[in-house]
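The values are calculated or read from the model by the stated rules, or taken from the named source; none is laboratory data. Just so it is clear, the structure is predicted and the values come from calculations on it, not from any experiment. Please note: Cβ atoms are built from the backbone with ideal geometry, for glycine as well, and neighbour counts cover all protein chains shown. Keep in mind that these areas ignore ligands, DNA and RNA; they rest on the heavy atoms of the full protein, side chains included. Shrake-Rupley method; radii C 1.70, N 1.55, O 1.52, S 1.80 Å.
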Amino acid sequence: SLISGNSALGEHAYADVGGFGGGIHVFGKLTISNTTISGNSAEENCLGGCRPGKGGGIYAAANRFILDHVTIADNQASIYSGLFLAGAARMQLKSTIIANNSGGDNCGVFGVFTNIGHNLDSGNSCGFMDPSDLVNTDPLLGPLRNNGGPTFTHALLPGSPAIDHILPVNCTVTTDQRGVSRPSGVGCDIGAYELDIIFTDGFEQ
């Protein structure tokens, strides 16, 4: 799936809070897999004093949600611009890119976080501490565009550290967002996009 171009408005009926969850606002149980969340925003509320928007990509308020091979990029909020995990929420996360979100840190993690590994943070705010994680790392994402398949994606550019980062034994999702088989190379790629190395130059290799 692609979740893009959405906004949580700040100037609404609640004068004491900003916009929460530009792309997704989670209250219940939810699993997100092979999905790009890009170009969403959570706006400030400046009615009677400015309150920041949180979670430009995702705001998880309560209950439990799972992210598996997701790309959260180019979202915007005053603080915690990619993902916000409230204290009442629980998150399980694996093989996910959270990168290049603007206005604040990529993440704000205040709930219970189970890290399965093989995640990438372009900063160091998401709490990725597994040996297989990558922090302060540029994933080298292309722009959101048609890279094949039914929905737009951020392609992994040549030299991306996300390419082949996951050993085949840990590849539990067999296709990417476009339907390309995983793994395409010697391992699976982090995020929603799997680089199809067979056809990168237009020819089979």
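Quick look at the numbers
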| quantity | calculated |
| --- | --- |
| Some residue of region 44-54 being in contact with a Leu (Cβ under 9 Å, 6 or more places away or on another chain) and within 30 Å of PRO158 (Cβ to Cβ) | no |
| Condition check for ASN45: at pLDDT 95 or above, surrounded by 19 or more Cβ atoms within 10 Å (Cβ to Cβ) and among the polar types (S, T, N, Q) | no |
| Which numbered condition ASP189 misses (of (1) among the acidic types (Asp, Glu); (2) open to solvent by less than 40 Å² (accessible area, probe 1.4 Å); (3) within 28 Å of PHE27 (Cα to Cα)) | (3) |
| Residue pairs meeting the criteria (Cβ under 6 Å; at least 6 apart or on separate chains; first of a type in the set (S, T, N, Q), in region 154-170; second surrounded by fewer than 23 Cβ atoms within 10 Å (Cβ to Cβ)) | SER160/LEU140 |
| Those residues of region 119-151 which are open to solvent by 60 Å² or more (accessible area, probe 1.4 Å), assigned to a loop (DSSP other than H, G, I, E, B) and of a type in the set (D, E, K, R), in sequence order | ASP138 |
| Subset of region 152-177 [open to solvent by less than 40 Å² (accessible area, probe 1.4 Å) and under 21 Å from ILE37 (Cβ atoms)] | THR153, HIS154, ALA155, LEU156, SER160, ALA162, ILE163, ILE166, VAL173, ASP176, GLN177 |
| Candidate set: region 95-110, residues that are open to solvent by less than 20 Å² (accessible area, probe 1.4 Å) and over 15 Å from SER38 (Cα atoms); chosen: the one modelled with the lowest pLDDT | GLY108 |
| Restricting region 84-94 to residues that are part of a strand (DSSP E or B) and in contact with a Phe, Trp or Tyr (Cβ under 8 Å, 6 or more places away or on another chain), the residue that is most open to solvent (accessible area, probe 1.4 Å) | ARG90 |
